Amino acid sequence: MKWKNIAVTARNGDIIYEGPLNELPVREEYIIEKSRELYNEEEPCIIYRTHITKKLYLDIWDQMKENHKKKRTADCNSYQELLSPLAVDTVDATLEFR
């Protein structure tokens with residue numbers, strides 16, 4: 001799968017993140033929490049880390065792909081539960097597929 005580029009933009013127009021969807025930074029606490037849940041492992045190896053982050057990116061893509069197809073910008077406030085693991089402030093921001 002070729003990952004799409006995205007832009008996360010704050011309400012004031014500042015770009016918070018711009019780049020591939022699969023390079024969005026993920027909070028370390030989320031990775032460790034998921035590692036405990038899925039693998040019973042406190043210190044996840046690179047394979048576990050990759051699986052956890054890729055699953056998150058795929059979930060984001062699945063939830064937001066309609067916005068991509070219709071060339072719309074998504075209001076991040078509508079997806080806060082989904083986006084909360086990210087190490088990017090998405091409150092009052094928009095996400096646009098490019």
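Points to keep in mind about this one:
- Anisotropy class assigned to the stretch 55-98 is oblate, per the alpha carbon gyration tensor with a/c at or over the 1.5 cut-off and a/b no larger than b/c.
- Relative compactness, the chain, computed as alpha-carbon Rg over 2.2 N^0.38 Å: 1.10
- On the chain, 47 percent of the accessible area sits on carbon and sulfur atoms, based on a 1.4 Å probe.
- Computed about the Cα centre, the dipole magnitude for the chain is approximately 700 debye when only Lys and Arg (+1) and Asp and Glu (-1) carry charge, each at its Cβ.
- Spin-label model distance (nm) - ALA7 vs GLN80, 7 Å beyond Cα toward Cβ: 2.5
- When the surface is traced with a 1.4 Å probe over the full set of protein chains, ARG49 keeps roughly 70 Å² accessible.
- Over the residues of the chain, the helix contribution to mean residue ellipticity at 222 nm works out to -13000 deg cm²/dmol, using -39500 (n - 2.57) for each DSSP H run of at least 4.
- Placing R0 at 41 angstrom, the Cβ-Cβ distance between CYS45 and ILE16 gives a FRET efficiency of 0.85 after rounding to 0.05.
- Length added when fully stretched, ALA87-LYS54, from 0.36 nm per residue minus Cα-Cα: 10.4 nm
- Estimated FRET transfer efficiency when R0 is 41 angstrom, pair THR73-LEU38 (beta carbons, to 0.05): 0.80
- Where the stretch 1-75 is the region considered: accessible area per residue in Å², 1.4 Å probe: 68
- The angle between the Cα long axis of helix 46-69 and the main principal axis of the chain comes to about 20°, on a 0 to 90 degree scale.
The values are calculated or read from the model by the stated rules, or taken from the named source; none is laboratory data. Everything numeric in this text was worked out from a predicted model, so none of it was measured. FYI the Cβ positions are ideal-geometry reconstructions off the backbone, even for glycines, and counts take in every protein chain you see. The area values use the complete protein model at the heavy-atom level, side chains included, leaving out ligands, DNA and RNA. Shrake-Rupley method; radii C 1.70, N 1.55, O 1.52, S 1.80 Å.
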